[in-house]
1. If the requirement is being assigned to a helix (DSSP H, G or I) and touching a residue at least 40 places away in the same chain (Cβ under 8 Å), which of these qualifies: Phe60, Phe100, Phe79?
2. Give the residues of the stretch 248-257 that are loosely packed, with under 15 Cβ neighbours inside 10 Å and over 25 Å from the mean Cα position of the chain (by Cα), sorted by residue number.
3. Of all the residues that make up the stretch 37-56, how many are exposed (fewer than 12 other Cβ atoms within 10 Å of the Cβ) and either assigned to a strand (DSSP E or B) or in contact (Cβ under 8 Å) with a residue 24 or more places away in the chain (or both)?
4. Among (1) in contact (Cβ under 8 Å) with a residue 60 or more places away in the chain; (2) surrounded by fewer than 17 Cβ atoms within 10 Å (Cβ to Cβ), which single condition is Ser214 missing?
5. Being in contact (Cβ under 8 Å) with a residue 60 or more places away in the chain and either touching a helix residue (DSSP H, G or I) at 6+ places or on another chain (Cβ under 6 Å) or of a type in the set (D, E, K, R) (or both) narrows it down to one residue among Arg333, Arg387; which is it?
6. Show the residue pairs meeting these rules: Cβ distance below 6 Å; 6+ apart or different chains; first residue within the stretch 349-361 and in contact (Cβ under 8 Å) with a residue 40 or more places away in the chain and part of a helix (DSSP H, G or I); second residue small (Gly, Ala, Ser) and crowded, with 18+ Cβ neighbours inside 10 Å.
7. Can you find a residue that is surrounded by fewer than 17 Cβ atoms within 10 Å (Cβ to Cβ) and more than 30 Å from Val414 (Cα to Cα) anywhere in the stretch 270-277?
8. Taking the criterion of being farther than 23 Å from Ala117 by Cα, touching a strand residue (DSSP E or B) at 6+ places or on another chain (Cβ under 7 Å) and either without any contact (Cβ under 8 Å) to a residue 40 or more places away in the chain or not aromatic (Phe, Trp, Tyr) (or both), would at least one residue in the stretch 1-24 satisfy it?
Amino acid sequence: MLRGINYFLGMPYGADTSGANRFMPPQKPKPWTDVYPALWWGDTAPQNMENRYANKFASFRDHWNYDDVSEDCLRINVFTPAINDGKKRPVMFWIHGGGFTNGNGIEHDGYNGENFARLGDVVFCSINHRLGPLGYCNLAGVGGEKFAASGNVGMLDIVAALEWVRDNIANFGGDPGNVTIMGQSGGGAKVCILTAMPSAKGLFHKAVVLSGASRRAGDKAYSEKLGAAVLKEAGLRPNQLEKLQAMPWKDFYAIATRAQQAMAKEAGPGGGLTRGFSPVVDGTILPQHPYDPEAAPAAADVPMIISSVQNEQSPSWADSSLESVTLEQVVERVKERAGFGAGFGDKAQEVVDSYVKAFPGKKPVEIWSLVSSNRQSVVALADVKSRQPAPVFVDWFAWQPPLFDNRMRAFHCVDICFWYYNTDLMLSHTGGGPRPRALAAKMAGALLQFMKTGDPNGGGLPKWPRYTAANGETMLLDDTCEVKNDPDREARKALPPPA
């Protein structure tokens, strides 16, 4: 116990995924009879660890936490105020970001659940699960029925962790009937996918998507072609898939990465999270794209908060010379690339002009950031989801940290520690102290209300109306919080249609 909160770290919710278990649905962990020492984080899922800390700017800002890496990585962490006291506390289930290829359950200091558990008298869980080609290499096309699940085993790991919560969390003071799933970036996309998976239905009851609004998953034909390319790159035939299971994970990872890069080059720019190794609409585990063209039926009764930050991409944060970029230079930059996806090509000038008009007084570098961080995916998801019975709430985080001479702006990931009341833990994101803590108290309070009731109101923020496509009600999160109706609607009109 630390400061009144019980830590249970690195508990197995699934077996080692190496060898014969590679590419297979998660298996139950081996039972133990002695006391399990749940004192340290579980191994990080296999991923590319080369030069992890090479970017000194990113390493300082995000204060990465990485430990041992292995395929024995199916682990859950639980932070709880009390055990076996008969109370049924709401449960937060945190899913880390890093696309579908990177990250772990304690990657940032802001992922720590202690302060949030204490503030709200709730139980906080975080997990590690399979990533990249070990989680999402679809070998069904070459391997047949035995490998039918291989394109989605990373998501099945998360379902297994949620089943663990259902079966065990009451022993940790939590209520298995009141679980909120929440993820950021790739973790937000995983939340969207979980809401569409029949096997996950009933294992959670509310959902929060931070900077990861996602309507689509991977394409079946593309993912099977990628699986076949991996086999070819390995120099193996379909009847030799056990050799892919037997080789060291680093060898397989290198083979899979070469195959993926070759296919991505052939396909050209664009594709985002669904162009590499990612969950796939296989018709069974994931019957449809989660929110395209319509929301999956499994999501109908799940209330959702959809969140993004104003400067998901802040181009100048590590390069001060870009603060003086001109609008003409911005147009050229966003022709080729905008944020995490392809650029706007011939529409770049129109898009930039539209944002300049909608956001008067912003510097060119800020226009560049707003364009690259546009809310198109957030609004598209909210519009589709809001056609279901459960309420949807949308926010836009705009708080500007006083770091790197104010060049970081409201960047991708900065909001996480506010939701979890960790602004004084994540000093390299917030600077610490009373200013960020005041906003964190309101945001964490709203999140706790949402966990309890499915409605964030009553936690310290102004009245937060549910989202409608007609009005686009959006909570602006800053030192002073306020609701505006679709604050960037005019600017977005110039954007090309969403993919």
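The values are calculated or read from the model by the stated rules, or taken from the named source; none is laboratory data. All figures in this text were calculated on a predicted structure; none of them were measured in a lab. Here the Cβ is made from the backbone with ideal geometry for all residues, glycine too, and neighbour counts use every protein chain on show.
1. Within the list Phe60, Phe100, Phe79, the selection yields Phe60.
2. Pro248, Asp251
3. So the answer is 1.
4. That leaves (2) as the condition not met.
5. Arg387
6. That search, which allows pairs on different chains as well, returns Glu350/Ala494; Val351/Ala494; Ser354/Ala491; Ser354/Ala494; Tyr355/Ala491; Ala358/Ala491.
7. Taking every residue of the stretch 270-277 in turn, none turns out to be surrounded by fewer than 17 Cβ atoms within 10 Å (Cβ to Cβ) and more than 30 Å from Val414 (Cα to Cα).
8. The answer is no; no qualifying residue exists.
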